[in-house]
Amino acid sequence: MEPFRAADRTYDRSIAIDASTIGDITVTVAVATDREEEFEVLDTIYRAAEGYDFFPFRDKAHDLEYAESRGFFEAVIQEHTDKLVATTHLGRDNSGTERVEAVQSAVLTRELPVKESLIILDGAEDKAERFGRAFSGIALSPPSVATCIQSEYYYPAALLADMCASHLAHQINHPRHCSEVTPKSPVTKQAYSDQWGAAYNALVNRSTNVMIAPVKQRRADTVSSRVHCWFRGWMGGGEPDEFNRSVRPVVEYARRQGYDELAERLAEI
């Protein structure tokens, strides 16, 4: 499993962040994993998806009808609650969904060990710019940030964040629900009251230059190519990747790590 490479720096850990908005509710979720743990996450998703028309590297949370798939979401989330942090915005204050997600992403990042981690944001450079401005309002040293267009198609940890955010956004429609769901998803303005205003103000009023880690990007239009990008630590975007990538190196690596069943599933791609 290759580390993320950005010029002369490498990262063996990542924090994948994604958000879901349903009605007035916006939930943002961050997932902290090291590269080896991504196999565990992927294995869990494949196992839980049995009986559902859902495949990693091909599908995302909104491709499923939630009411019919709630058990699938819960099974995956339950296995990885130790990797998840979440926060909720209840809306109705004209904050704007993109700004809310940027502020929520910033405050969640402060909760996690970012020093040796690469932050993976789902989207293009504008997502990183908003995040960076918000983060500058609550911390002096910016973390290393990469953008990955449609990250849930490339990274199991990002898919987990996508699934968890969607699940929680469906479950929450009252403040009391934020402490009843798993994982707990406290209201951002309350749980992070000392950070919300500063981060939001910086997002709106600062023109901070945000450095995006120069991690290699490739636009992968096939499942096998996305698997290859994940294994190599590349981000979604940029120039097209090769059409017919062999997944054999990933299959062999999974077997060596003891994921025999996962290896068989990957070999079928």
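A 1.4 Å probe run over the chain, with the rest of the protein chains in place, finds 45 Å² accessible per residue.
For the stretch 74-151, which whole-number percentage of the solvent-accessible area (1.4 Å probe, protein heavy atoms only) is attributable to carbon and sulfur atoms? Carbon and sulfur together cover 43 percent of it. Please give the net charge around I15, taking every other residue with its beta carbon less than 13 angstrom from that of I15, where Lys and Arg add +1 and Asp and Glu add -1. Once positives and negatives cancel, what remains is -3. By the compact-protein rule of thumb, 2.2 N^0.38 Å, the alpha-carbon radius of gyration of the chain corresponds to a ratio of 0.97.
Comparing E180, E101, E40 in a Gaussian network model of the chain (Cα springs below 10 Å), the most mobile by mean-square fluctuation is E180. So which residue, out of R133, R58, R35, gets the largest mean-square fluctuation from a GNM of the chain using Cα contacts under 10 Å as springs? Greatest mean-square fluctuation among the candidates belongs to R58. Spatially, the stretch 1-44 and the stretch 216-261 are offset by 16 Å when compared through their Cα centroids. Under the convention that each Lys and Arg Cβ holds +1 and each Asp and Glu Cβ holds -1, the size of the dipole of the stretch 80-214 around its Cα centre is about 340 debye.
Each Lys and Arg Cβ is given +1 and each Asp and Glu Cβ -1; about its Cα centre, the chain then shows a dipole of about 880 debye. Per-residue ellipticity at 222 nm, computed for the chain from helices alone with -39500 (n - 2.57) per DSSP H run of at least four residues, works out to -12500 deg cm²/dmol. Listed by chain and number, the lysines whose alpha-carbon sits under 27 Å from that of K184, ignoring those within fewer than 8 places in the same chain, are K60, K83, K115, K127. Judged by the gyration tensor of its Cα atoms, with axes a ≥ b ≥ c, the stretch 130-235 is oblate; a/c meets the 1.5 cut and b/c is at least as large as a/b.
Can you tell me the FRET efficiency between R47 and E111 if r is taken as the Cβ-Cβ distance and R0 is 25 Å, rounded to the nearest 0.05? Let's see the in-between values first.
Details: r = 28 Å, r/R0 = 1.14.
Result of the calculation: an efficiency of 0.30.
Count charges around S136 for me, please; just the other residues with Cβ under 13 Å from its Cβ, Lys/Arg as +1, Asp/Glu as -1. Overall, the nearby charge balance is +3. Kirkwood radius, the stretch 28-80, all distinct C-alpha pairs, inverse of mean reciprocal distance: 11.8 Å. Where does the Debye-calculated log10 I(q)/I(0) of the stretch 1-136 sit at q = 0.10, 0.20, 0.22 Å⁻¹, using only Cα point scatterers of equal weight, no solvent? Log10 I(q)/I(0), no solvent term: -0.37, -1.35, -1.47.
The values are calculated or read from the model by the stated rules, or taken from the named source; none is laboratory data. Everything numeric here is computed off the predicted structure, so don't read it as measured data. Cβ sites come from the backbone with ideal geometry, for glycine too, and all protein chains shown count toward neighbours. In case anyone asks, the SASA skips ligands and DNA or RNA and just uses the protein heavy atoms, side chains included. Shrake-Rupley method; radii C 1.70, N 1.55, O 1.52, S 1.80 Å.
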